[in-house]
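Participant: Right, I'll just put the structure down here and ask away after.
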Amino acid sequence: MDSNPQSCENPEIKSTEEQTQNQNQVSQSPFATASLSLSSLPPTLPTQFFIQPKILSLFSAQSPSKVKVPTQASSLSHLSLSSTSPSPSKLSFKSTFANNPLQSPLSLGPRRPLDPSNGAAIRRASIVWFRNDLRVHDNECLHTANNESMSVLPVYCFDPRDYGKSSSGFDKTGPYRATFLIESVSDLRKNLQARGSDLVVRIGKPESVLVELAKAIGADAVYAHREVSHDEVKAEEKIESAMKEEGVEVKYFWGSTLFHVDDLPFKLEDMPSNYGGFRDKVNGLEIRKTIESLDQMKGMPSRGDVETGDIPSLTDLGLNTAATMAQDGRPSVSASMAGGENEALQRLQKFAAECKAQPYKGSKDGSQETIYGANFSCKISPWLAMGCLSPRFMFDELKKTANRTVSATSKKNDGGSGSPDTQMNWLMFELLWRDFFRFITKKYSSAKVGTAPATACTGALA
């Protein structure tokens, strides 16, 4: 007779007691976790680990005492579960499911963060409001909207307030500028269509047109570039007010200058009021990298069945088409300047090649003759003004054809080298002038700034 009576206990009763103890441990510590390391287990485990005790008791005579563990499981040396149980010899288990599954539902898709300005947000539909940025290259507004949205609706509005007569009796927008704009909008539509999108064109006030389109497609946000003049800033304020009532966010970007407004070494209200002071302040300032154009865009929103609309003619805008014709009935010289991004890029490449290939012509006194293409001008200003060409892209393209470093803040004289690179520095010099005028306009378009006049004097510092 065995002196140890516990060895003769019924295994079923013992297993039931262990099960009861484990259940008590789980009920006392509902948040306990199991501690198990497969790397420390032998290649075989007792069948009690896999089979319920009561079932084991019925087939104890026939069932094997041990069960093989798959080799894949035994080789998982990194799989382990920690335990908060004080007794390492006993196993305790905890369910990973909440008592109420509705308290922790599964996420079946990306959820937008509470902060809508977060770049990782996925918007259902967005509107890109094109203004003086009629291009797909180096367009942060378009690029960001495409990355943050499931569908994008590009829109351009011909604002009736930009046409007609001013208080002085002059055309707010003349027939030549209007023709150039119509061609640029048409070219933008073709470029968007080539990327799987399109351009919605409307004649109307943006604060009314955009709200109507936002309701139709269920837009979450409107993306646009900021402008600098008084009327354009007022239009932005009206857009923000109208969209706020509809619960639609308005996100603005900056993309009309060589230097980004956020990179300036001074606050805009503290900007020097003369070019010389501005140039000294931005000397050595780094220019942001150009944003690559999108190869493929998100599709148009299916909701709302929005029609793209027709691009208006001069007659639709209230302008006389005869004003664009010369006296002999043939198109005027300005008609040869076709609007659009594609035309702008071709002219830029042609200008860079001419600037590099044309030999330097210097006078006897050592002065330099600058080269600006045909008739001593690059004639790229109209495309820069409409946003068909990015000044940063222009800067990068000219650097590619230069034999040495081209600086946007290089001095006008440039030491009298007279090389083709010097002529490119002259163009960079003009781009910097353009930045000055846009920033100074933005500065004084705010009511918070004083009325001190700006000056183009290059000798004085602010």
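Participant: So is Ala224 at negative phi and in a strand (DSSP E or B) or not?
Facilitator: In short, yes.
Participant: Can you tell me which condition Ile287 does not meet? The list is (1) modelled with pLDDT under 95; (2) assigned to a loop (DSSP other than H, G, I, E, B); (3) at negative phi; (4) open to solvent by 60 Å² or more (accessible area, probe 1.4 Å), and all the others hold.
Facilitator: (4)
Participant: Next up: Find all pairs meeting these conditions: Cβ atoms under 6 angstrom apart; at least six residues apart or on different chains; first residue within segment 149-165 and polar (S, T, N, Q); second residue open to solvent by less than 10 Å² (accessible area, probe 1.4 Å).
Facilitator: Ser149/Arg123; Ser149/Ser126; Ser151/Ala125
Participant: Restricting the search to segment 215-229, which residues are loosely packed, with under 15 Cβ neighbours inside 10 Å and among the hydroxyl-bearing types (Ser, Thr, Tyr)?
Facilitator: Ser229
Participant: Test Asn375 against the stated conditions and say whether it is polar (S, T, N, Q), in a helix (DSSP H, G or I), open to solvent by 30 Å² or more (accessible area, probe 1.4 Å) and at pLDDT 85 or above. First the steps, then the outcome.
Facilitator: Working: polar (S, T, N, Q): yes; in a helix (DSSP H, G or I): yes; open to solvent by 30 Å² or more (accessible area, probe 1.4 Å): yes; at pLDDT 85 or above: no.
So Asn375 does not fit the description; no.
Participant: Among the numbered conditions (1) of a type outside the set (Lys, Arg); (2) open to solvent by 40 Å² or more (accessible area, probe 1.4 Å); (3) modelled with pLDDT under 95, tell me where Glu212 comes up short.
Facilitator: (3)
Participant: Follow-up question, since we're still on this one. Would you please name the residue that is farthest from the chain's Cα centre (by Cα), looking only at residues in segment 179-197 that are open to solvent by 30 Å² or more (accessible area, probe 1.4 Å) and of a type outside the set (Val, Ile, Thr)?
Facilitator: Glu183
Participant: Being surrounded by fewer than 18 Cβ atoms within 10 Å (Cβ to Cβ) and in contact with a strand residue (DSSP E or B) (Cβ under 7 Å, 6 or more places away or on another chain) is the requirement here; does Thr315 meet it?
Facilitator: no
Participant: Please go through segment 239-258 and give me each residue that is in a loop (DSSP other than H, G, I, E, B) and of a type outside the set (S, T, N, Q), ordered by number. Quick ask: steps written out before the conclusion?
Facilitator: Here is the first cut: in segment 239-258, the ones in a loop (DSSP other than H, G, I, E, B) are 247-248, 254-258.
Matches in segment 239-258: Gly247, Val248, Trp254, Gly255, Leu258.
Participant: So in segment 330-358, with the set limited to residues that are open to solvent by 70 Å² or more (accessible area, probe 1.4 Å) and over 35 Å from the mean Cα position of the chain (by Cα), which one is modelled with the lowest pLDDT?
Facilitator: Ranking the candidates gives Val333 first.
Participant: So Asn274 ticks every box in (1) over 30 Å from Pro154 (Cα atoms); (2) surrounded by fewer than 17 Cβ atoms within 10 Å (Cβ to Cβ) but one. Which box is left unticked?
Facilitator: The single condition Asn274 does not satisfy is (2).
Participant: Name the one entry in Glu232, Glu246 that is modelled with pLDDT under 95, open to solvent by 40 Å² or more (accessible area, probe 1.4 Å) and in contact with a helix residue (DSSP H, G or I) (Cβ under 9 Å, 6 or more places away or on another chain).
Facilitator: Result: Glu246 is the single residue among Glu232, Glu246 that is modelled with pLDDT under 95, open to solvent by 40 Å² or more (accessible area, probe 1.4 Å) and in contact with a helix residue (DSSP H, G or I) (Cβ under 9 Å, 6 or more places away or on another chain).
Participant: Follow-up question, since we're still on this one. Before we move on, is Thr257 surrounded by 13 or more Cβ atoms within 10 Å (Cβ to Cβ), over 27 Å from Glu397 (Cβ atoms), of a type in the set (Val, Ile, Thr) and touching a residue at least 60 places away in the same chain (Cβ under 8 Å)?
Facilitator: Details: surrounded by 13 or more Cβ atoms within 10 Å (Cβ to Cβ): yes; over 27 Å from Glu397 (Cβ atoms): no; of a type in the set (Val, Ile, Thr): yes; touching a residue at least 60 places away in the same chain (Cβ under 8 Å): yes.
Taking the combined requirement at face value, the residue does not satisfy it.
Participant: Based on this model, can you work out whether Asp396 counts as modelled with pLDDT under 90 and closer than 18 Å to Leu345 by Cβ?
Facilitator: yes
The values are calculated or read from the model by the stated rules, or taken from the named source; none is laboratory data. Just so it is clear, the model here is predicted, and its values are computed rather than measured. Cβ atoms come from the backbone with ideal geometry, glycine included; neighbour counts cover every protein chain shown. All accessible areas refer to the heavy atoms of the entire protein, side chains included, with ligands and DNA or RNA removed. Shrake-Rupley method; radii C 1.70, N 1.55, O 1.52, S 1.80 Å.
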